[in-house]
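The values are calculated or read from the model by the stated rules, or taken from the named source; none is laboratory data. Fair warning: this is a prediction, and the values are worked out from it, not measured in the lab. With ideal geometry, Cβ positions are generated from the backbone for all residues, glycine too; neighbour counts draw on all protein chains shown.
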Amino acid sequence: MKYQVKPNHYFNKSYDTKERFISYWHQINEIMTLEPDSILEIGIGNGLVFNYLEQRGFKVITMDIDKRLKPNKIGSVVSIPLPDESFEVVACFEVLEHLPYEDLSKALNEIYRVSSKYAVLSLPDFTRVYRLDIQIPKIGELKKLISLPRLRVPVHEFDGQHYWEIGKAGYPLLMVMNEIRNAGFEIKKTWRIFEASYHRFFILRK
């Protein structure tokens, strides 16, 4: 099997930026908020999310196609080697864009199949936004992302890792959301992280 990156890709300064650690916090927080009895994490990465949740007493199984990362299960998201409805929450962060877009529906159907309640996803969103951060005395802080249309929507070129990204030509957010709904999920909410707007989260209910 040909892997996109070497294992040390996940363990270097350029990968673990401040923005990525903020994204880790959101990944962990959204999973913990759902209070699941069982979790499947697809794409183990550097293991930070898995290790934290396990230390907090959650039952977590990891799955990855790369055996060098030492996941609990080796397998692809388009053919998950696990039984139907075997996890209350299936987490899949910054993984699906590593598949050709034509495989997205297959992956979402598999995530739906092995989840009994929820899925938590994140995907790259290239749509241009500006950050508004205002400190108001006696009221507090106001943070808001303001989307701005582009005169020319950029075309995505495969960079050795990402086959597509939301907001690039041919991959609008609405189309991706329709793929999610077609798999059977209800989208409870979707949003972009203020400090790391490239990461868009989806909380999905089965």
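For the stretch 78-103, residues that are surrounded by fewer than 24 Cβ atoms within 10 Å (Cβ to Cβ) and aliphatic (A, V, I, L, M) total 5.
Taking the listed residues Y52, Y10, the one that is hydroxyl-bearing (S, T, Y), modelled with pLDDT of 95 or more and farther than 23 Å from E110 by Cα is Y52, with no other qualifying. Residue selection: H156 satisfies the criterion of being crowded, with 16+ Cβ neighbours inside 10 Å and over 28 Å from I31 (Cβ atoms). Within the stretch 106-144, the set of residues being within 20 Å of H156 (Cβ to Cβ) and within 15 Å of the chain's Cα centre (by Cα) comprises A107, L108, L121, S122, L123, P124, D125, F126. The numbered conditions (1) modelled with pLDDT under 95; (2) crowded, with 17+ Cβ neighbours inside 10 Å; (3) in contact with a strand residue (DSSP E or B) (Cβ under 9 Å, 6 or more places away or on another chain) are all true for N46 except (3). Taking the criterion of being of a type outside the set (A, V, I, L, M, F, W, C) and either under 23 Å from H9 (Cα atoms) or without any contact (Cβ under 8 Å) to a residue 24 or more places away in the chain (or both), the residues of the stretch 71-100 that qualify are P71, N72, K73, G75, S76, P81, E94, E97, H98, P100. Scanning the stretch 114-135 for residues that are among the polar types (S, T, N, Q), crowded, with 17+ Cβ neighbours inside 10 Å and modelled with pLDDT of 95 or more turns up at least one hit.
Of all residues in the stretch 120-135, those satisfying the criterion of being over 26 Å from F50 (Cα atoms) and either in contact (Cβ under 8 Å) with a residue 60 or more places away in the chain or not hydrophobic (A, V, I, L, M, F, W, C) (or both) are F126, T127, R128, V129, Y130, R131, D133, Q135. Does M63 qualify as being in contact with a strand residue (DSSP E or B) (Cβ under 7 Å, 6 or more places away or on another chain) and under 14 Å from A91 (Cα atoms)? Spelling it out, M63 is indeed in contact with a strand residue (DSSP E or B) (Cβ under 7 Å, 6 or more places away or on another chain) and under 14 Å from A91 (Cα atoms). Of the residues K138, K143, K117, the single one that is of a type in the set (D, E, K, R), without any contact (Cβ under 8 Å) to a residue 40 or more places away in the chain and either touching a strand residue (DSSP E or B) at 6+ places or on another chain (Cβ under 8 Å) or farther than 25 Å from Y163 by Cα (or both) is K138. Each residue in the stretch 21-70 was checked for being part of a helix (DSSP H, G or I) and either more than 18 Å from I203 (Cβ to Cβ) or touching a residue at least 40 places away in the same chain (Cβ under 8 Å) (or both), and 17 pass.
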